[in-house]
Amino acid sequence: MRSSAQLERRRFERAPITTQVEFELTNSSSGPSRIRKHMANISTGGLFITTEEPIRAGTRMVVRFELPSNKHRVIAVSRVSYVKKGIGLGVEFLSLDDEDREEIEAYIASLKSMSRVS
């Protein structure tokens, strides 16, 4: 039987994405710091950032990135929901406006339709 954490992680459909993401830590003791890394996947609930940065679960951040399909820029208040040490961060969107959510949904749908054609 799956744990509630595993069920929660699968609540949103994920899609692969290779694009740069910039994030700014908002509750860092040393003040805000901007970091640029790459994303591995995305959903309307959050994204996975490939990084070896030592960032703890629960850390709040603002993420900024462009969707590759249409260059739509997304800015979202987020938090680190889990860490895979040496691999990356699972990030949950805490505040995502409707337009950004729709653009992410459209990006995921476009990948699904492309995979059906292939």
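The values are calculated or read from the model by the stated rules, or taken from the named source; none is laboratory data. The structure presented is a predicted model; accordingly, all values stated were derived computationally and were not measured. Every residue, glycine as well, gets a Cβ built from its backbone with ideal geometry; the counts of neighbours run over all protein chains shown.
Give 66, 103, 92 a once-over and let me know the one that is surrounded by fewer than 16 Cβ atoms within 10 Å (Cβ to Cβ) and either acidic (Asp, Glu) or at pLDDT below 95 (or both).
Working: 103 fails: surrounded by fewer than 16 Cβ atoms within 10 Å (Cβ to Cβ); 92 fails: surrounded by fewer than 16 Cβ atoms within 10 Å (Cβ to Cβ).
Selected residue: 66, the only one of 66, 103, 92 that is surrounded by fewer than 16 Cβ atoms within 10 Å (Cβ to Cβ) and either acidic (Asp, Glu) or at pLDDT below 95 (or both).
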Unmet requirement for residue 78, which otherwise passes all of (1) surrounded by 18 or more Cβ atoms within 10 Å (Cβ to Cβ); (2) in contact (Cβ under 8 Å) with a residue 60 or more places away in the chain: (2)
Residue 60 vs. criteria of a type in the set (D, E, K, R) and in contact with a Phe, Trp or Tyr (Cβ under 9 Å, 6 or more places away or on another chain): no
Hits in the range 81-106 - residues which are out of contact with any strand residue (DSSP E or B) (no Cβ under 7 Å at 6 or more places or on another chain) and in contact (Cβ under 8 Å) with a residue 40 or more places away in the chain: 101, 105
